[in-house]
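Take a look at the structure below.
The values are calculated or read from the model by the stated rules, or taken from the named source; none is laboratory data. Worth saying up front: this structure is predicted, and the values here are computed from it rather than measured. Note: ideal-geometry Cβ built from the backbone for every residue, glycine included; neighbour counts use all protein chains shown.
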Amino acid sequence: MSQWKLIRSSSWEGPIPQADPAGRWLHLVIDAESSANVLSAAVLEDLDKQLDRVSEFSNVDALIISSAKNGHFIAGADVNAIGSADNVDHVIEACRSAQDLFGRLSNLSIPSIAVIQGTCLGGGLELSLGCTARIAVQDPRTRIGLPEVNLGIIPGFGGTVRMTRLLGLRGALGWILPASRLPAQIAHRKGVVDASVPVEGFRALSLQMIEAMVSDGFRKVNAARKKRRKGWISYFLDETSVGRTIVCRQALKTVRARTLGLMPAPERAIEVARLSAHRPEKEALLEEARAVSRLATGPVCRNLVAIFQDSERVRRGVSGQPDGVWPEPRTLVVLGAGVMGSGVATMAIEKSIPTRLRDISEEAIDQGLKKIGKAIDTRRKKRRITTYQQAEILSRLSHGKELVGLERCGGVLEAVVERLDVKRSVLAEIAPLLAQDAIFATNTSALSVTAIQKDSPVADRVVGLHFFNPVPKMPLVEVIPGEFTAPEAVGIALSLARKLGKYPVIVKDSPGFLVNRLLLPYLDAASRLLLKGLSGSHIDQVARTYGLPMGPFRLMDEVGLDIGVEVQETLHCAFGDRAASSPILMKMVEKGWLGKKSGIGFYQHSGNSSTWNRDLEPMVQATASTLPATQIISSLLDPMIDEAARCLEEEVVADAGLLDLAMVMGTGYPPHLGGPLRAADAEGLPAIEERLRAAHENGAARSPCKLLVDLALINGRFHSRT
Amino acid sequence: MIVDGARTPFVRAGEDLRDIPVDELARSCTRSLLDRVPFDSSLVDELILGCVAQPPNCANPARAVALRSGLHERTPAQTVSRNCASGMQAISDAYDRIRVGASDVVLAGGAESMSQIPILFPLSFGFKLSSLSRARNFAEKLAGIFHFKLADLKPRIGLLEGLRDPFSGELMGDTAERLAREWGITREDQDLYALESHRKAVAAAKTLNREISALAVPPLLDRVVRTDVGPRPGAKLEKMARMKPYFDRKMGSVTIANSCGITDGAAMLLLMESSQAVSLGLQPIARIVGSAFVGCDPLRMGLGPVHAIAAVLRDSDLVLGDIDRVELNEAFSAQVIGCQRALENDRYCSDAGFSKTPGAIDADRLNVMGGAIALGHPVGATGARLILTLARQLHDAGGGHGIATMCIGGGQGGAVLIEGISS
């Protein structure tokens, strides 16, 4: 069956127009096999065939391209195909043929107009850019953008070139580099689409608009495009070589500041866009295809695509996971108004969940409310929300010391102090009041969920939901079923996490769960390097250059050293010597150096600036020494990889893909490396195993685990390549 | 049945709550009330809000309250006004709606932001502005501009205009002065009464706090108000005596200290048909027995409660002596004392419709937790606050009857008779 329908019609009422052999419009409607109209090779091939047929129709005025699916125009190219690209020539060929195909749209005997309702991303927008004109529907689901750089490539179906020719160099880079997905009106304001129409009755409105465009020969559309690029500043920046150099330099500077030069795609995008601004289209398109072929076959793109695929898997639900639906519009009761509690409450009210913030202390409530108010006001200041929306979001919040609202709530999120007895007594207090079907989610970072829920009358509804700090920024949530947790509760917890905009990963109820368990060996390794006399700020710098969002010492200061020690104690008890606490941490905590919250830790914090804490030197008692950066990185990361292998062995997490995703989403591990296990695969496991063994022989408590040794022996990988 | 109620703290106008619009005041206590009562809020059949100064940018604040409190969009909402008794009107309406079987569950109460009552420009300013906008050429525009006079910009304080009797042009305080003169109420009587109001409110602060749901000031939520700002623990008679009369500067006796405060606040109650409350397993705190509104002389509007009490008792088989608690709104000391004196006066009482002169209300039954002189009088909210305070008192006392009554600007009295239900 054809995935495109070519219909001659005189009207346009439903998704599929009524055929009329005498009609003046030719509708080309996509209704692909995939739910979001993905441009697979078959879909493109079919489009080619349908375009061949266009010349068969005479006396038609325009070709109207639309989607039969409500809420999806075209979601983009086939991500799986991008991720598995390995032959440069094949990629060039695929890009060239798609470029030519979309180019045909503006060289037909009749003008072509895309009517965009719903997601129009990547390849979908590139197809639209090939058309004579574009109309966007002001549907809240309409999102228009070129997110390719997020996957480590650049728009390669002619998007980079055609966008530059449409908007000029500055305008095009403004779309391609931030990879944003914008609604219809903004796309119209920025000139990517030529008109936007209200969603109600958009088909009739679009026909009216198309009729107007066709009748004046697109004169008004072209005049509006020209007007947008009028003025001598535009002329200077887009049409002169000096101007283009300035624009590209500035763009490159902004990009490098963000990516530290680790991401090649945005830099290629700048080069190709610059070329498209002044060279013939043919040459620019060829260069675009070449750039994509090199990027798509490179490791960065492969890793980014893999992480994206895993994140989609988690967002949609890993197969075999329990189903469940958060019971809207019921309230979420957040117990504990600390950093975590208020963070979750902020997310909840923003995502339309009525929320009650409860704490036993009025001061804590005041502080929590202040954080929420500030966070939401920042969104308004950034113009993400209007003042009306701000008032609406805040109106979902109630607060107080009283333990009320539990009988009708959808669930409770407990974020009180990290002590087993406190958490158990809170649960005991809540249990008799809790609604029959409400879950009790406990935000614990190291306590055993089983220990918390044991003997509770509502044990089956207790589930661990471990958020990461800062809650609004960290996309990961560890979902931890305890021994007595019912699958239904896990299902609801997963649904709640997704509703909050998070990526939930199910993790076994074992000490430190997943992310903290993997972070600690890394932090511990950093302290040990410090004790060997290496400079702490240098170690942090090396970690930053590797791509981590912050170095180990800065991270410890951020989290709080006392919390670090606490978690390490838990892990030490569970895993023995290989997780022994670092002596320097203990000493610092004894001194009251707790990190950012006490103003001093590894760094001395004052206001927004911080300097390395010089008073640490007497504690180190070692002569200053240095190591090459690669050795520092491997000393930091090898223990983490060993611990990750142990987690796979013990089935703490279902597979290596989820483990890598969790580290990227929960700690900001550089996504272009694909997570710690993919990075280890790339480096080669034998080398890592060798180093760990050598370190063990030199006195380190950790020896490589069985899985790592076995894989190293056969030169295997954590991720089997498909 | 009154299932439960909640209110915001009452705060002097221009202070902590001044930036909060009236619908947000009511929204905040409605959410807390809904949190507190374990039932499905989609069962609420309607919301009625009393409000005098309805904001120009929110023509029906009740609807905003309903939507922002998370009620179902099908739940209708209306705003009602009977001047100072608007909140009482809302509850009386809710009672009627339930009684005739039109609704089973109603949220009713009142709210007022006296801080946000607008300042008005004279209408002549608006007329001139609109004729200027119609000017077609430069000459006409220039002429239009020269039409403006400084007097067109003279602002009128909306708050004061609202407190003016529209028939006689007298301020409410002037009517209180009249009562003081007619009934021979001295300045000292008034100051003593006011002092007592503060003393009782301070002593009852803990009980009053149970009605209050804390309010975080949007949009930054950086301040949380938890208690009434009004009762003065350090109120002194000598200090009060030194204040100048506000309304009649030369001969008067009514001062700011012996009148109610200008205040922001809201109070909401949840009312249910009794079988509905039973089937939901809820424990109501009180039952409404009857309500009455009666007109009286606008120039002596302060005596409205006398007429209203007579009317509300007439339909029951109770006399004033059977009533355990009376919450009589303290608009002015002179007005409360005036009511007490009128209740002792045979002629006035028979005119008002009493079959037998009831005599003044015992001090230990009248406003035992203080009143508007200490707490303030956010006009639309006070009626609901009186009923809430009364219902809770009777509930705590394990039953008995009570009347909440108030005088109404323009010459009316309102009263609601309730019976407490012990837990």
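Taking the range B:137-166 as the region of interest, how many residues are of a type in the set (A, V, I, L, M) and farther than 30 Å from B:Met114 by Cβ?
4
Is it the case that B:Arg187 is out of contact with any His (no Cβ under 8 Å at 6 or more places or on another chain), farther than 30 Å from A:Ser342 by Cβ and surrounded by fewer than 19 Cβ atoms within 10 Å (Cβ to Cβ)?
no
Take A:Gly103 and decide whether it is modelled with pLDDT under 95 and within 30 Å of A:Ala195 (Cβ to Cβ).
Judged against the criteria, A:Gly103 is not a match.
Do you know which residues across the range A:249-273 are within 15 Å of A:Gly156 (Cα to Cα) and either touching a residue at least 60 places away in the same chain (Cβ under 8 Å) or not assigned by TED's automatic domain parsing to the domain that holds A:Ser293 (or both)?
A:Pro264, A:Ala265, A:Pro266, A:Arg268, A:Ala269, A:Ile270, A:Val272, A:Ala273
So, in the range A:457-474, of the ones that are modelled with pLDDT under 95, of a type outside the set (Phe, Trp, Tyr) and crowded, with 18+ Cβ neighbours inside 10 Å, which residue ends up farthest from A:Met550 (Cα to Cα)?
A:Val471
May I ask you to list the residues in the range A:355-393 that are touching a Leu at 6+ places or on another chain (Cβ under 7 Å) and surrounded by 23 or more Cβ atoms within 10 Å (Cβ to Cβ)?
Listed by number, the residues that qualify are A:Thr355, A:Leu357, A:Arg358, A:Ile365, A:Gly368, A:Leu369, A:Ile372, A:Gly373, A:Ile376.
Which pairs do you get when a residue that is under 14 Å from A:Leu357 (Cβ atoms), found in the range B:205-218, comes within reach of a residue that is of a type in the set (S, T, N, Q), reach meaning Cβ atoms under 6 angstrom, with the pair 6+ apart or on two chains?
Pairs that qualify, where the first residue is under 14 Å from A:Leu357 (Cβ atoms) and the partner is of a type in the set (S, T, N, Q), are B:Ser213/B:Ser32; B:Leu215/B:Thr8; B:Leu215/B:Ser28.
Which one of the conditions (1) in contact with an Asp or Glu (Cβ under 6 Å, 6 or more places away or on another chain); (2) within 17 Å of B:Ala374 (Cα to Cα) does B:Asp248 fail to meet, given that it meets all the rest?
(2)
Here is a list: B:Met243, B:Met272. Which entry is surrounded by 16 or more Cβ atoms within 10 Å (Cβ to Cβ), touching a residue at least 12 places away in the same chain (Cβ under 8 Å) and aliphatic (A, V, I, L, M)?
Working: B:Met243 fails: surrounded by 16 or more Cβ atoms within 10 Å (Cβ to Cβ).
Answer to the selection: B:Met272.
A:Gly159: at pLDDT below 95, buried (at least 23 other Cβ atoms within 10 Å of the Cβ) and not hydrophobic (A, V, I, L, M, F, W, C), yes or no?
No.
Of all residues being among the aliphatic types (A, V, I, L, M) and over 21 Å from A:Val471 (Cβ atoms) in the range A:308-334, which is modelled with the highest pLDDT? Just the residue, please.
A:Val325
I'd like the full set of residues that are assigned to a loop (DSSP other than H, G, I, E, B), touching a Leu at 6+ places or on another chain (Cβ under 8 Å) and buried (at least 23 other Cβ atoms within 10 Å of the Cβ), limited to the range A:485-542.
A:Lys502, A:Gly512, A:Leu514
Would you check which residues across the range B:222-243 are closer than 29 Å to B:Met88 by Cα, of a type in the set (A, V, I, L, M, F, W, C) and either within 14 Å of chain A (Cβ to nearest Cβ) or part of a loop (DSSP other than H, G, I, E, B) (or both) and list them?
B:Val224, B:Val225, listed by residue number.
Could you say which residue among B:Asp4, B:Asp23 is within 29 Å of B:Ala331 (Cβ to Cβ), within 13 Å of chain A (Cβ to nearest Cβ), of a type in the set (Asp, Glu) and not in a helix (DSSP H, G or I)?
B:Asp4
Against the condition within 14 Å of another protein chain (Cβ to nearest Cβ) and more than 19 Å from the chain's Cα centre (by Cα), how does B:Ser41 come out, does it pass?
Criteria met by B:Ser41.
Return the total of residues in the range B:59-72 being surrounded by fewer than 17 Cβ atoms within 10 Å (Cβ to Cβ) and within 11 Å of chain A (Cβ to nearest Cβ). Lay out the reasoning, then the answer.
Kept after step one, since they are surrounded by fewer than 17 Cβ atoms within 10 Å (Cβ to Cβ), are these residues of the range B:59-72: B:59-60, B:72.
Restricting the remaining residues to those that are within 11 Å of chain A (Cβ to nearest Cβ) gives B:72.
Going through the range B:59-72 one residue at a time, the tally reaches 1.
Could you list, in sequence order, the residues of the range B:208-221 that are in a helix (DSSP H, G or I) and within 11 Å of another protein chain (Cβ to nearest Cβ)?
Result: no residue meets the conditions.
May I ask you to verify whether B:Ala257 is small (Gly, Ala, Ser) and out of contact with any strand residue (DSSP E or B) (no Cβ under 8 Å at 6 or more places or on another chain)?
Answer is yes for this residue.
Mind checking which residues of the range A:602-614 are within 16 Å of A:Ser535 (Cβ to Cβ) and surrounded by 10 or more Cβ atoms within 10 Å (Cβ to Cβ)?
As a first pass, look at the range A:602-614 and keep what is within 16 Å of A:Ser535 (Cβ to Cβ): A:602-604, A:610-614.
Result: A:Phe602, A:Tyr603, A:Gln604, A:Ser610, A:Thr611, A:Trp612, A:Asn613.
Anything in the range B:244-298 that is part of a helix (DSSP H, G or I) and small (Gly, Ala, Ser)? List them, or say none.
B:Ser274, B:Ser275, B:Ala277, B:Ser279
Can you name the residue in the range A:276-322 that is free of Cβ contacts under 8 Å to residues at least 24 places away in the same chain and closer than 23 Å to A:Val255 by Cβ and is also surrounded by the fewest Cβ atoms within 10 Å (Cβ to Cβ) among such residues?
A:Arg279
So in the range B:8-19, with the set limited to residues that are surrounded by fewer than 24 Cβ atoms within 10 Å (Cβ to Cβ) and closer than 23 Å to B:Ala66 by Cα, which one is nearest to the other protein chains (Cβ to nearest Cβ)?
The qualifying residue nearest to the other protein chains (Cβ to nearest Cβ) is B:Asp19.
What is the residue count in the range A:620-637 for residues that are free of Cβ contacts under 8 Å to residues at least 60 places away in the same chain and surrounded by 15 or more Cβ atoms within 10 Å (Cβ to Cβ)?
Result for the range A:620-637: 1.
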